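Okay, structure first, notes after.
A short reminder: the numbers here are calculations on the coordinates, not readings from a lab. Owing to the predicted nature of the structure, the values given are computational and were not obtained by experimental measurement. As a convention, Cβ positions derive from the backbone with ideal geometry for all residues, glycine included, and neighbour counts pool all protein chains shown.
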Amino acid sequence: MPKFTIELPEGYSDLVPLLEKYAAEIRAAMPATAGGVAVDMAKCERAMAASAATLEQESIRRVLQCLDIDAPRVIILGRRHSKVGRYNAAYQTKAGPVTVMRSIYRDDGVRNGPTVDPVSLRAGVVGDGWLPDAAQAMAFVIQQQPSREAHEAMQRVGRLPYSRSSFERVGHEVGKLYETQHVEIEATLITQYEIPVAAASVSVGLDRVSVPMEEPRARPVGRPRKDAPENPIERKFRMAYVGTVTMHDKEGSAVHTVRYGRMPKGDAQGLCAGMANDVALMLKQRPDLKAPSAKMSETLKVGKSL
């Protein structure tokens, strides 16, 4: 069997057994290909993917470990923090969870205040240990389908091996981050938006749609039944707000559509104001575009149709 030499940076010698194990698992997963017989290629793919995921997890774990700061005191955002202790913590990657030993700190000026994890701060962790790329991927998947279906889909794909409830939690965490910055994000996106060359006109659409919502249900008066649900819910239909700004070519065919939305009880007038502002910026970029009528523009500004 041929042998090769791989140079690793100083301090990475503990990766050698992992690489040897990876190579051994790949060899073991290789099917017998002689004789022209069919092979279970799906089984081979799954085994190789699992080996690669293990290597990916360990590589990310090493990077996270390097982000740890172990000192009696540190300065975070200009404030002095003292070390509380040193403990293991789980971080979630797209390949699966990893465990890292890290120190945590507390602001000296806040009695019994929350602890701070420098690893999470430096890595841009979302929520309780979700690495940015993993959180972004989970949020993308759950916006395409309900959490149960998202979980099942990722089980099939072999990535993001987390529970259904994890998909829901991460989706909410990413949503909270977006909510705090959505004005700046939306302003940046529309400023950088390049109108298609074929566009000759722009149209605006506004509507509402009934959305089934899961809402807490009040418990009945008195002692609950033995089999009563711990957190009772009920299904209610609420009206959400949707809008579109569409570019059309000279024949009237849609070239590109920018979509907008607000959840029930959301800021409908803010939605309309944002759409009106976006159309104004598009017309500033392309004054030759045929634009909505003055009546429609006024409707957008005040949200009359909603």
Amide H within-cut-off set for Met213, under 5 Å, with H built and near neighbours excluded: Lys236, Phe237, Arg238
Estimated vicinal HN-Hα couplings, Hz - the stretch 74-80 in sequence order (Karplus 6.51, -1.76, 1.60; Gly, Pro = x): 9, 9, 10, 6, x, 10, 7
Neighbour cut-off at most 14 other Cβ (10 Å), DSSP loop, chymotrypsin sites (Phe, Trp or Tyr not before Pro), the stretch 8-115: Tyr12
Additional length obtainable on full extension of the chain from Met239 to Lys3, 0.36 nm per residue less Cα span: 78.4 nm
Cleavage-rule hits, trypsin sites (Lys or Arg not before Pro), the stretch 52-136, DSSP coil, Cβ neighbours within 10 Å at most 14: Arg111
Inter-label distance for Lys290 and Lys176, nm, one decimal - labels placed 7 Å from Cα along Cα-to-Cβ: 4.8 nm
Stretch gain in nm, segment Ala153-Phe140, where the contour uses 0.36 nm per residue and the Cα spacing is subtracted: 3.4 nm
Neighbourhood net charge (12 Å Cβ-Cβ; Lys/Arg +1, Asp/Glu -1) for Met48: +1
Segment Tyr12-Val74, extension gain: residue separation times 0.36 nm, minus the distance between their alpha carbons: 19.6 nm
Cβ-based charge dipole, the chain, positive-most Cα from Gly222, Gly96, Phe4: Gly222
Folded to 0 to 90 degrees: helix 41-66 orientation relative to the chain principal axis, Cα: 90 degrees
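Show that you can apply the helix-only estimate: for the chain, add -39,500 (n - 2.57) for every DSSP H stretch of four or more residues, divide by all residues, and state [θ] at 222 nm to the nearest 500.
Rounded to the nearest 500, the figure is -13500 deg cm²/dmol.
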Dipole moment magnitude, nearest 20 debye, the chain about Cα centre, only Lys, Arg, Asp, Glu C-beta charged: 1080 debye
